[in-house]
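The values are calculated or read from the model by the stated rules, or taken from the named source; none is laboratory data. The model shown is predicted, which means the values in this text are computed figures rather than measured ones. Backbone-built Cβ (ideal geometry, glycine too); neighbour counts: all protein chains shown. Surface accessibility is based on the protein's heavy atoms, side chains included, excluding ligands, DNA and RNA. Shrake-Rupley method; radii C 1.70, N 1.55, O 1.52, S 1.80 Å.
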Amino acid sequence: MNKDSRLHYIDNLRSLALLLGIVFHAALAYSPFFRNIWFTADPSTHGLFDYITHTLHLFRMPLFFIIAGFCSTLLIDKSSNARFLHHRSKHILLPFIVFLPFSFAVYYHALSFGAGIANPIPPIFAVFKVIKEPVVSTMHLWFLWNLFQFCLIHWLLKTTNLLGNKFDALSAHPLFMWVVLPIVLTFSLMGQSIPFPAPDKLTPQLWSYGFYGSFYWLGVGLNKKQQLICSYHKYLWPLILGVALSLTGYFSLLPAAPSLDDVIAAATSGYFAAAGELHVLHVLSQGLSVILLTAITFLLGHRFLNHQSKLSRSISNASYWIYLIHVPVLIYIQMPLINTNWPVLVKFIVSVVVTLFIGQISYLLLVKNTWLGALLNGRQTKRKVIQSA
């Protein structure tokens, strides 16, 4: 692949990973498993949304961190270590600092609005009344905080040349992908509940370094070995067969949905306790599912999404903004829907479509040509690759 050509599949996979977050968070409201956890839990639920939420959770953010590592290497190769750190500070750390307090305020208003209008009130509100000193969360912005930490480590390694350039290439070696990565993921997830939580604390979460950090470094290696990606297409069908088997194991071992007491304990301590007689086996099936689903999505994107249109470019540019605002928007939409007798699938579709519409329109009218648009995506120039992954 010509290094000077725009990598459209990277653009499109990045926006896909972000926008699937809207689908994921919308589906949580109608999932029986997450009924006691999610802000907008609806009395109408369906088992289909358990499969949607768990499956998306397994690969969506690992895919995002692969893309992020890939783009970080592109940025370093095209500029310098110093400019890389400046760029990442401006487009990742600064939006996190700006949007975190804003999100706290909007979440508070949205949840207060929901408590006054929803009938019945979602079960999580009973937890809010009990917990007096909840652990501070970075909410859905955790990915920015974790990504900046990975970028800072990446910058330090490059600046000090501590590991040289060999480690970058080794992270795309088949031995790393199919031996080292599963081992690291298994040890990283062994102490976590299933499904694994979001590393949403302000203090560094070491398990996230092993889990999401491994995918970030895999993206670094894939950038160095782009010519090998096409050779992996022939493994798509075996990968699909493998993920069908691993997902069967994952869902068959899934524990019972958390009770309100479990949620209260987790809100007090900051995490759900890992438990279950078959926890080790479940972690293994979960880790394998994560790797296979992420690999399949990346390869399908490389094969079928390596093109650009005005629509895909517009969606790609707006996806960062849409993700930053989508959870409060969903709360404002889904709380009134609790009071309706609409079929659960209709509620879900309305939630997703209206959120995407509001996000896209607000980006075009309020963000695109403003300082905020420059903060999130950089100046609108003929960029070669995306700048904010």
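With the condition kept exactly as written, say whether any residue in the range 259-282 is of a type in the set (D, E, K, R), out of contact with any helix residue (DSSP H, G or I) (no Cβ under 9 Å at 6 or more places or on another chain), under 23 Å from residue 32 (Cβ atoms) and touching a residue at least 40 places away in the same chain (Cβ under 8 Å).
Yes, the range 259-282 contains a residue that is of a type in the set (D, E, K, R), out of contact with any helix residue (DSSP H, G or I) (no Cβ under 9 Å at 6 or more places or on another chain), under 23 Å from residue 32 (Cβ atoms) and touching a residue at least 40 places away in the same chain (Cβ under 8 Å).
Which numbered condition trips up residue 182, out of (1) open to solvent by 30 Å² or more (accessible area, probe 1.4 Å); (2) farther than 24 Å from residue 28 by Cβ; (3) assigned to a loop (DSSP other than H, G, I, E, B)?
Failing condition for residue 182: (3).
Could you count how many residues in the range 20-56 are in a helix (DSSP H, G or I), more than 18 Å from residue 296 (Cα to Cα), open to solvent by 30 Å² or more (accessible area, probe 1.4 Å) and among the aliphatic types (A, V, I, L, M)?
Final tally of qualifying residues: 2.
Between 63, 85, which is surrounded by 19 or more Cβ atoms within 10 Å (Cβ to Cβ), over 19 Å from residue 17 (Cα atoms) and in contact (Cβ under 8 Å) with a residue 60 or more places away in the chain?
Working: 63 fails: over 19 Å from residue 17 (Cα atoms).
None of the other options fit; the residue is 85.
If I filter the range 87-104 for residues that are assigned to a loop (DSSP other than H, G, I, E, B) and of a type outside the set (Lys, Arg), do I get at least one hit?
No: the range 87-104 contains no residue that is assigned to a loop (DSSP other than H, G, I, E, B) and of a type outside the set (Lys, Arg).
Given the criterion open to solvent by less than 50 Å² (accessible area, probe 1.4 Å), without any contact (Cβ under 8 Å) to a residue 60 or more places away in the chain, assigned to a loop (DSSP other than H, G, I, E, B) and of a type outside the set (Val, Ile, Thr), identify the matching residue among 204, 199, 195.
199
Looking at residue 290 and the list (1) closer than 28 Å to residue 36 by Cβ; (2) of a type in the set (Val, Ile, Thr); (3) open to solvent by 40 Å² or more (accessible area, probe 1.4 Å), which single condition is not satisfied?
Failed condition: (3).
Can you tell me how many residues within the range 306-343 are surrounded by fewer than 18 Cβ atoms within 10 Å (Cβ to Cβ) and either of a type in the set (A, V, I, L, M) or not in a helix (DSSP H, G or I) (or both)?
Count: 10.
What do you reckon, is residue 310 among the charged types (D, E, K, R), at pLDDT 95 or above and more than 20 Å from the chain's Cα centre (by Cα)?
no
May I ask you to list pairs of residues, at least six apart or on different chains, whose Cβ atoms are under 8 Å apart, with the first in the range 95-123 being open to solvent by less than 60 Å² (accessible area, probe 1.4 Å) and the second being of a type in the set (Gly, Ala, Ser)?
If the second residue must be of a type in the set (Gly, Ala, Ser), the pairs left are 122/41; 122/114; 123/41.
Could you tell me whether any residue of the range 351-361 is modelled with pLDDT of 95 or more and over 22 Å from the mean Cα position of the chain (by Cα)? Give the derivation first.
As a first pass, look at the range 351-361 and keep what is modelled with pLDDT of 95 or more: 351-361.
With over 22 Å from the mean Cα position of the chain (by Cα) added as a condition, the list becomes 361.
So far as the range 351-361 goes, yes, one or more of its residues are modelled with pLDDT of 95 or more and over 22 Å from the mean Cα position of the chain (by Cα).
Any residue that is open to solvent by less than 20 Å² (accessible area, probe 1.4 Å), closer than 30 Å to residue 50 by Cα and not in a loop (DSSP other than H, G, I, E, B) - is there at least one of those in the range 149-168?
No - not one qualifying residue is present in the range 149-168.
Please work out if residue 370 is β-branched (Val, Ile, Thr), modelled with pLDDT of 95 or more, more than 30 Å from residue 45 (Cβ to Cβ) and surrounded by fewer than 22 Cβ atoms within 10 Å (Cβ to Cβ). Lay out the reasoning, then the answer.
Details: β-branched (Val, Ile, Thr): yes; modelled with pLDDT of 95 or more: yes; more than 30 Å from residue 45 (Cβ to Cβ): yes; surrounded by fewer than 22 Cβ atoms within 10 Å (Cβ to Cβ): yes.
Criteria met by residue 370.
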